[in-house]
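Please read the structure below before turning to the comments.
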Amino acid sequence: MIYSVRHVSTVKYASPVSQAQFNLRLSPWSWKGQTLRKSSLVVEPAPDTREEIAGPYGVNTTSISYAEPLEKLEVTSEFEIEVNPPAPPASDPAASAVRDAACGLRDMSVLSPAPYLFASRIAGTVDAIDDWACRFFQEDAGTIESARALMSAIHEEFTYSTDATTSTTPTSEAFEVRAGVCQDFAHIMIIALRAFGIPAAYVSGYLRTLPPPGQPRLVGADAMHAWVNVWCGEELGWIGFDPTNDCLTRDDHIVIGMGRDYADVAPIDGTFIGSAPQTMTSAVDVTTPD
């Protein structure tokens with residue numbers, strides 16, 4: 001499947017701010033099953049400095065800065081990408097075997113499971129989530145089987161609501177109210193998996209806006225979406241689970257980046273000097289070329 005994606009983000013300040021610096025993470029990372037055909041990232045006004053940064057996680061970061069006061073920033077990411085996901089896994093290694101393999105690997109490459117075994121800045125330890133999730137992790141159960149059961153429970157027991165949380169709501173609070181959005185559901189699933197020794201990563205990306213005829217529209221298709229990659233051993237590697245839609249990732253899912261949690265792959269973040277209130281709006285369009 002070939003997609004054209006256009007994502008426009010606009011940041012406005014009530015009054016000019018100075019020495020603004022931003023990290024932009026809107027260009028697709030090189031992910032298995034995806035072929036990037038063309039891509040552009042346009043920033044207005046043009047920054048004084050612009051640098052592409054390679055970090056320890058699977059995400060492309062463009063660092064920009066401004067010396068002069070800034071009142072408005074507009075970032076437009078456009079790309080065309082072909083998505084051919086791998087075939088569904090034919091085997092399911094035991095969770096205990098995956099835990100042992102992850103702890104025994106000395107690989108520290110970008111796709112290594114090691115960074116995704118431990119609590120991170122947003123996906124920290126939450127005892128209530130660990131206690132709730134323990135029923136899904138039996139010693140003799142398969143990793144994919146356990147992750148599927150956890151994913152389905154989140155989908156069935158939690159309510160998708162854009163009013164229940166904000167981007168800064170702690171995951172523990174989203175869990176307590178049993179409501180939130182894709183970001184919250186991904187963090188809950190990640191925390192649960194890591195608590196039982198299964199490497200889990202946060203994935204930022206997009207969904208097909210309009211599904212094929214006869215298929216339901218996926219939740220979260222009007223903005224950036226989030227799901228979970230689960231490391232299922234050296235043979236299978238990373239497999240995507242979408243708890244918001246209760247499905248394994250497929251050709252509807254377009255990967256932008258993978259990190260320990262949202263903080264590693266946030267589309268735009270940065271710093272500036274000033275106290276002006278800011279507003280940020282985003283518009284996403286995912287289409288299939290005629």
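Rounded to the nearest 5, the antiparallel percentage of DSSP beta bridges internal to the chain is 95%. Packing, taken as the mean count of other beta carbons within 10 Å per residue, orders the peptides 12-18, 2-8 from highest to lowest as 2-8, 12-18. The order of the peptides 245-258, 33-46 by mean Cβ neighbours within 10 Å, most packed first, is 245-258, 33-46. For the chain, the longest principal axis of the alpha carbon atoms and the long axis of helix 182-195 meet at an angle near 40°. Taking segment 39-65 and a reference point 7 angstrom along Cα→Cβ of residue 74, the backbone N atoms nearer than 16 Å belong to 41-47. Highest GNM mean-square fluctuation among 138, 19, 215, for the chain modelled with Cα contacts below 10 Å: 215. Take the Cα of residue 90, step 7 Å toward its Cβ, do the same at residue 287, and the gap between the two points is 4.0 nm. Checking (i) 20.3, 64; (ii) 19.1, 55; (iii) 19.2, 60 against Rg and Dmax of the Cα atoms in Å calculated from these atoms, the matching label is (iii). The length gained by stretching the chain between residue 103 and residue 51 to full extension, at 0.36 nm per residue less their Cα-Cα distance, is 15.2 nm.
Using a/c under 1.5 as the rounded threshold, could you call segment 153-290 rounded, prolate or oblate? The axes a ≥ b ≥ c are square roots of the C-alpha gyration tensor eigenvalues, and prolate needs a/b larger than b/c, oblate otherwise.
It is rounded, given that a/c, with a ≥ b ≥ c, falls under 1.5.
Packing order of peptides 112-122, 234-244, highest average first: 234-244, 112-122 (average count of other Cβ atoms within 10 Å over each peptide's residues).
Candidates 150, 132, 280 compared by Cα position along the dipole of the chain: farthest toward the positive end lies 280, with charges placed on Cβ. Basic side chains Lys and Arg get +1 at the Cβ, acidic Asp and Glu get -1 at the Cβ, and with that the dipole of the chain about its Cα centre reaches some 360 debye. At a probe radius of 1.4 angstrom, the accessible area of segment 226-290 per residue rounds to 41 square angstrom. For segment 120-214, a crude dipole built from +1 on the beta carbon of Lys and Arg and -1 on the beta carbon of Asp and Glu, taken about the Cα centre, is about 400 debye to the nearest 20. As I understand it, the value is the acute angle between the Cα axis of helix 95-104 and the longest principal axis of the Cα atoms of the chain; what does it come to in degrees, rounded to 10? On a 0 to 90 degree scale, this one is about 60. Computed from Cα positions, the angle between helix 143-157 and the longest principal axis of the chain comes to roughly 60 degrees. FRET efficiency for the pair residue 166 and residue 14, taken as 1/(1 + (r/R0)^6) with r the Cβ-Cβ distance and R0 = 25 Å, rounds to 0.80.
For a quick check of your reading of the filter: which GluC sites (Glu not before Pro) in segment 97-181 sit in a DSSP loop and have no more than 14 other Cβ atoms within 10 Å? Don't jump to the answer; show the numbers that get you there.
Details: sites: 139, 145, 156, 157, 173, 176; in loops: 139.
Listed in order of number, the matching sites are 139.
Its Cα centre serving as origin, segment 1-119 has a Cβ charge dipole (Lys and Arg +1, Asp and Glu -1) of approximately 220 debye.
Extension gain for the segment residue 140 to residue 177, taken as residue separation times 0.36 nm less the Cα-Cα distance, is 10.2 nm to one decimal. Share of carbon and sulfur in the accessible area of segment 111-215 stands at 51%, probe radius 1.4 Å. Between 29, 13, 89, the Cα set farthest toward the positive side of the dipole of segment 5-105 (charges on each charged residue's Cβ, about the Cα centre) is that of 89.
The values are calculated or read from the model by the stated rules, or taken from the named source; none is laboratory data. Quick caveat: nothing in here was measured; it's all calculated off a predicted structure. Heads up, the Cβs are rebuilt from the backbone with ideal geometry, glycines too, and the neighbour counts pull from every protein chain shown. Each accessible area value is taken on the protein alone, full model and side chains, heavy atoms only, with ligands, DNA and RNA left out. Shrake-Rupley method; radii C 1.70, N 1.55, O 1.52, S 1.80 Å.
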